[in-house]
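Here is the structure we will look at.
The values are calculated or read from the model by the stated rules, or taken from the named source; none is laboratory data. What you are looking at is a predicted structure, and each value in this text was computed from that prediction instead of being measured. Here the Cβ positions follow ideal geometry from the backbone for every residue, glycine too, while neighbour counts run over all protein chains shown. Remember, those area values only see protein heavy atoms, side chains included, never the ligands or the DNA or RNA. Shrake-Rupley method; radii C 1.70, N 1.55, O 1.52, S 1.80 Å.
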Amino acid sequence: MLTVMLMKRRRPWQREVEVLREVAAVARQGWLIPQPSPTLKQHGDARHLVVFVHGIFASSGVFRPMAFALAREGLAPRQVNFDYTPVGTIERHAKRLCSVIADARVPGPVIVVAHSLGGLIVRHAVQHLGLHVDALVTMGTPHHGTSLARPWPWRLAQELSPGSVAIASLAATSHRLRRTAVTSVIAEQDVLVEASSASLSGSRLVSVPGVGHHGVLYDPLAWSAVRDAIRSVTEAPSDGGRSSGEFVVGEDGRVRDRVG
């Protein structure tokens, strides 16, 4: 209700500014997408790992500004940039995500920052494949689907539709996220994913005003939410040495055993 009231109070010039900001963000992505980052980047030693998972039609390049800032601040010395193509299925990409994180072999917490479809891929890895993620920040993720995906003819897009088997299975197993500290970042001017869909029940909600689906990737408030998520699991008292990142992945993509 509060969000609706705020939107009604926006003046015409504010809407024009918001549109221009989103256009600028899309243009920025057009420059960054052809520049995917190396899968594993190390800016220093750290027990924890920060993983970036982009949305459909994008690449790890869209996270470059945020990833660079976090590395410079010492919050993300070790990073994994997960790239995938806009075909296949959420399950297929989730299995490969498990393998990529396993290959990084980190001894401490795993924090994942995911945009749009990327958030669903991470949730599938956690909820159906047993991947342990200590903190997850979803940005503009359609947790309940987006009706704009219905006309798209290929399978991965159809899985984004409300009521799809993929969306229903994630809703039915959402309790498996209980060991993950989830933050839902909502772009208030997102025309692709409604606020109600970007909000995951039980998560910490961060609403970012004045930005759309793509602009949220470059917004200072959204970056602050990511910093908070990293600090929440890296600056907390030790949990007794649990090795959240040390595991092996079976041929079916499921996490089988912890090692070490």
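Of all residues being among the polar types (S, T, N, Q) and in contact (Cβ under 8 Å) with a residue 12 or more places away in the chain in the stretch 77-106, which is nearest to Ile167 (Cα to Cα)? Just the residue, please. Spell out how you get there, then give the answer.
In the first step, residues of the stretch 77-106 are kept if they are among the polar types (S, T, N, Q); the result is 79, 81, 85, 89, 99.
Filter once more, keeping what is in contact (Cβ under 8 Å) with a residue 12 or more places away in the chain: 79, 81, 89, 99.
On the way: Gln79: 28, Asn81: 24, Thr89: 12, Ser99: 23 Å.
Once the filter is applied, the top-ranked residue is Thr89.
Just to check your reading of the model, which residue among Ile111, Ile90 is in contact with a strand residue (DSSP E or B) (Cβ under 7 Å, 6 or more places away or on another chain) and either within 20 Å of Thr173 (Cβ to Cβ) or crowded, with 23+ Cβ neighbours inside 10 Å (or both)?
Of Ile111, Ile90, the one residue that is in contact with a strand residue (DSSP E or B) (Cβ under 7 Å, 6 or more places away or on another chain) and either within 20 Å of Thr173 (Cβ to Cβ) or crowded, with 23+ Cβ neighbours inside 10 Å (or both) is Ile111.
Looking at the stretch 45-84, which of the residues that are closer than 19 Å to Gln29 by Cβ and of a type in the set (D, E, K, R) is farthest from the chain's Cα centre (by Cα)? Of everything passing the filter in the stretch 45-84, Arg64 is farthest from the chain's Cα centre (by Cα).
Every listed requirement among (1) surrounded by fewer than 21 Cβ atoms within 10 Å (Cβ to Cβ); (2) in a loop (DSSP other than H, G, I, E, B) is met by Val100 save one, (2). Kindly indicate whether Arg28 is in a helix (DSSP H, G or I), open to solvent by 20 Å² or more (accessible area, probe 1.4 Å), modelled with pLDDT of 75 or more and touching a Ser or Thr at 6+ places or on another chain (Cβ under 7 Å). Here the answer is no, as Arg28 does not meet what is asked.
Evaluate the following for Val165: is it among the β-branched types (Val, Ile, Thr) and farther than 13 Å from Arg123 by Cβ? For Val165, the condition - among the β-branched types (Val, Ile, Thr) and farther than 13 Å from Arg123 by Cβ - is met. When each of Ala114, Ala104, Ala135 is tested for being within 25 Å of Gln35 (Cβ to Cβ), at pLDDT 95 or above and among the small types (Gly, Ala, Ser), the lone residue that passes is Ala114. When the stretch 119-152 is filtered for residues that are without any contact (Cβ under 8 Å) to a residue 24 or more places away in the chain and either small (Gly, Ala, Ser) or at positive phi (or both), the ones remaining, listed by number, are Ser147, Ala149.
Cβ-Cβ contacts under 8 Å between residues 6 or more apart (or on different chains), taken from a first residue in the stretch 208-219 that is on the phi > 0 side of the Ramachandran plot and free of Cβ contacts under 8 Å to residues at least 24 places away in the same chain to a second residue that is outside any loop (DSSP other than H, G, I, E, B) and buried (at least 23 other Cβ atoms within 10 Å of the Cβ), are absent.
Being assigned to a strand (DSSP E or B), open to solvent by 10 Å² or more (accessible area, probe 1.4 Å) and of a type outside the set (Asp, Glu) is a description that does not apply to Lys95.
Considering the stretch 41-76 alone, what residues qualify as being without any contact (Cβ under 8 Å) to a residue 60 or more places away in the chain, within 17 Å of Ala104 (Cα to Cα) and surrounded by fewer than 18 Cβ atoms within 10 Å (Cβ to Cβ)? The answer is Gln42, His43, Gly44, Asp45.
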